[in-house]
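Report on the following structure.
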Amino acid sequence: MNAIIALSLLGIFTLFTGIFNWRKAMLPIVVIGLAGVFVLNGMDYFTTPSWYADYTHMVIFDRYAVVFSAALIMITAMLFFLCKQYYQKEDNNISDIYGLILFTLVGGMLMASFSNFAMLFLGIEILSIPLYILAGTKRLEVTSNEASIKYFLMGSFSTGFLLFGMALVYGAAHTFTLDGIRQYTDAHAGDLPTIFVAGIMLMLVGMLFKVSGAPFHFWAPDVYSGAPTLITTFMATVVKTAAFAALYRLLFYTFGSAKPIWFDALWGVAALTMIIGNFSALYQHGVKRMLAYSSISNAGYLLIGVIAMNTHSANSIFYYTLVYSLASLVSFGVLMLVTQDNGGDDSYTAFKGLARNNPALAGLMTLAMLSLAGIPPLAGFFGKYYIFINAMENGYIYIVLIAVANSLVGIYYYFKVIVAMFAKDTAPTKIAVQPAYLFALVVAAALLFVLGIFPDWVSGLMN
Amino acid sequence: MYNISEVAFYGLSTLAIFSALMVVFSRNPVHSVLYLVVCFFAISGHFLLLNAQFLFVVNIIVYAGAIMVLFLFTIMMLNLNRESEPHKNIILKLAAVVSGCLLLLVLVAALKGAETTTAMPIDAIKDPNIGLVKNLGKELFTRFVLPFEISSILFIAAMVGTVMLGKKKLT
């Protein structure tokens, strides 16, 4: 809770640095501030989370919330290292952009820690509204404007579903607190009224939109490829992690005993998300769009973790989102440099010959792609492994078979990037990289490697 | 026979549903907005029937008043008319109708069962003063103080964003 207050203040302070024009100090302030927030958040890990829960029943900083928040803060801090080079030409609005990113993070932390529907709704809105704006920060580009307005319209529409679902659930259970609704669900597990079931389904529609699950994924490719790449990275990492934290918290803590109701629907969504995401990614010509579809397919794998729902699920979902976020950070980071260097061209051909003149970047990209594809020594493999094993423990064989087949498809398009990078090409240029930028990418790639070798460092944090 | 509040309920409901349908069906966007205003008034009437006087007033002032006027301005500035309306293809229309009907089916089924549910008594009926400003304020500043304060982050983010997008490009 202290972390949320500190983070909000940090966001407001960042806006002030823009007013006073402390351009040089802005980035250090944000990064040091985020480190402080990380520590504050970590302190909640060791305390029992009773006080806030008793006081208002609004948020609860149990280990689940703390661990997810820590991941969100860490990834955001790494993103800020990329900001400086990406927004080199942007002078006027940079403090506003930083502030909005921090406010989005506040929303993400609320989504990991809510214990009341009011907080869930506020968290989702605080996460979404700055994002609608951030997606449109390249105001002179049509694609950015399109991404912004599309995301805004679709997002508002899905929020309508979420609210309607909450209203119906309230109509049945007469409470907004997760505890109260869980008691109601447990008490009436056999014969839940239809109004409650419809409420769960409508809420799921709203949540699945946020995680870009299959029938509700249509916004994702356009928004991801239209938005500025840095914001796309933010969406693929922090926003996705927060959305899954919220979805799992909602389903596990609240609707756990109503599992027969939503299980089949979510099973179908998971299968469809993987298949549509992977097979659409095959046909993309731009790497950015391919990564957008890859993000959809990864949401499918994560949904398997959600439907498995046993004692290890929270850990395996956390491990997967963390690893996926790190790999996305690296791949989008390299993509940003290559695209900028090629005058906005993000096709596979732009990557040709990268290994020759920029071996460091090519190496980082290769690591990220191998991790996303799930090649054994890297963390991406263990992410998938935990999720699949988890589902197998519950006996969900078919969905795991679909997932394994889909990961094989995934290897093809991830390797297409690697092949392009190591192909011979005539005269690609050397790309200038700022040390901070390279530092963030190297740290993320190193974590991918280290977490692959010692997965139990983070996979048991919630026990 | 029916008492006065039941008559009011059915009257307001009919009005709300009729005007909501007219929002969708009327060709002229300005008419749509005006029907939406009527719809909001009808819903505000429902708030009054539920003893929520404060919500009644706020709903009229904020939604029917301020937001709808903004809508009207926006529509007039965009200058929408029948000619500029894009034509959707028939498959898209069909898909929209099918999914809309499915949603209606689910919701009707859900609300049909609502009466026979194992519902607990609703607190609002028990306490007739629940909708007064005083009680609402008490709730807002005790139990819901955290959401109340946190929503300021939402508003500052929205304001910063509006200023940022609306600012003139200096370079």
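Just one of (1) surrounded by 13 or more Cβ atoms within 10 Å (Cβ to Cβ); (2) closer than 27 Å to A:M274 by Cβ fails for A:F422. It is (2). For the stretch B:131-148, a tally of residues being away from chain A (no Cβ under 13 Å) and not charged (D, E, K, R) returns 6. Are any of the residues in the stretch A:105-112 β-branched (V, I, T) and farther than 30 Å from A:I29 by Cβ? The answer is no, given that none of the residues of the stretch A:105-112 is β-branched (V, I, T) and farther than 30 Å from A:I29 by Cβ. Scanning the stretch A:178-198 for residues being crowded, with 20+ Cβ neighbours inside 10 Å and closer than 19 Å to A:M111 by Cβ gives a total of 2.
In the stretch A:363-419, of all residues being among the hydroxyl-bearing types (S, T, Y) and surrounded by 18 or more Cβ atoms within 10 Å (Cβ to Cβ), the one that is nearest to A:S297 (Cα to Cα) corresponds to A:S407. Within the stretch A:65-117, restricting attention to residues that are assigned to a helix (DSSP H, G or I), of a type in the set (S, T, Y) and over 14 Å from the mean Cα position of the chain (by Cα), the residue that is nearest to A:A432 (Cα to Cα) is A:Y86.
Filtering A:A173, A:A187, A:A214, A:A147 for residues that are in contact with an Asp or Glu (Cβ under 9 Å, 6 or more places away or on another chain) and either at pLDDT below 85 or hydrophobic (A, V, I, L, M, F, W, C) (or both) leaves a single hit, A:A147. Looking only at residues in the stretch A:115-144 that are modelled with pLDDT under 90 and touching a Gly at 6+ places or on another chain (Cβ under 6 Å), the one that is nearest to B:A158 (Cα to Cα) is A:S144. In the set (1) surrounded by 15 or more Cβ atoms within 10 Å (Cβ to Cβ); (2) on the phi < 0 side of the Ramachandran plot, B:N51 fails one condition alone, (2).
For the stretch A:111-138, the tally of residues that are more than 7 Å from chain B (Cβ to nearest Cβ) and not hydroxyl-bearing (S, T, Y) stands at 14. Applying a threshold of 7 Å to beta carbon distances and a minimum spacing of six or more residues, or different chains, the list of pairs starting in the stretch A:451-463 at a residue that is at positive phi and ending at one that is surrounded by 12 or more Cβ atoms within 10 Å (Cβ to Cβ) and modelled with pLDDT under 80 is empty. Being assigned to a helix (DSSP H, G or I) and hydroxyl-bearing (S, T, Y) is the filter here; which residues of the stretch A:428-461 pass it? Within the stretch A:428-461, A:Y437, A:S459 qualify.
Counting only helices (runs of 4 or more DSSP H) that fall entirely inside the stretch B:90-142 and contain at least 2 residues that are at pLDDT 80 or above and surrounded by 11 or more Cβ atoms within 10 Å (Cβ to Cβ), the qualifying elements are B:90-112, B:133-141.
The residue that is surrounded by the fewest Cβ atoms within 10 Å (Cβ to Cβ), among those in the stretch B:149-166 that are at pLDDT below 90 and more than 7 Å from chain A (Cβ to nearest Cβ), is B:G166. If I filter the stretch A:55-64 for residues that are touching a Phe, Trp or Tyr at 6+ places or on another chain (Cβ under 9 Å), more than 12 Å from chain B (Cβ to nearest Cβ) and closer than 21 Å to A:T237 by Cα, do I get at least one hit? Looking for residues that are touching a Phe, Trp or Tyr at 6+ places or on another chain (Cβ under 9 Å), more than 12 Å from chain B (Cβ to nearest Cβ) and closer than 21 Å to A:T237 by Cα, one finds at least one in the stretch A:55-64, hence yes. Taking residues in the stretch A:9-25 that are more than 18 Å from B:A158 (Cα to Cα) and at pLDDT 80 or above, and partners anywhere that are crowded, with 17+ Cβ neighbours inside 10 Å and among the hydroxyl-bearing types (S, T, Y), the pairs with Cβ atoms closer than 8 Å and at least 6 places apart or on different chains are A:T17/A:S95; A:A25/A:T17.
The values are calculated or read from the model by the stated rules, or taken from the named source; none is laboratory data. The shown structure was predicted, so the numbers you read here are calculated from the model rather than taken from an experiment. Every residue, glycine as well, gets a Cβ built from its backbone with ideal geometry; the counts of neighbours run over all protein chains shown.
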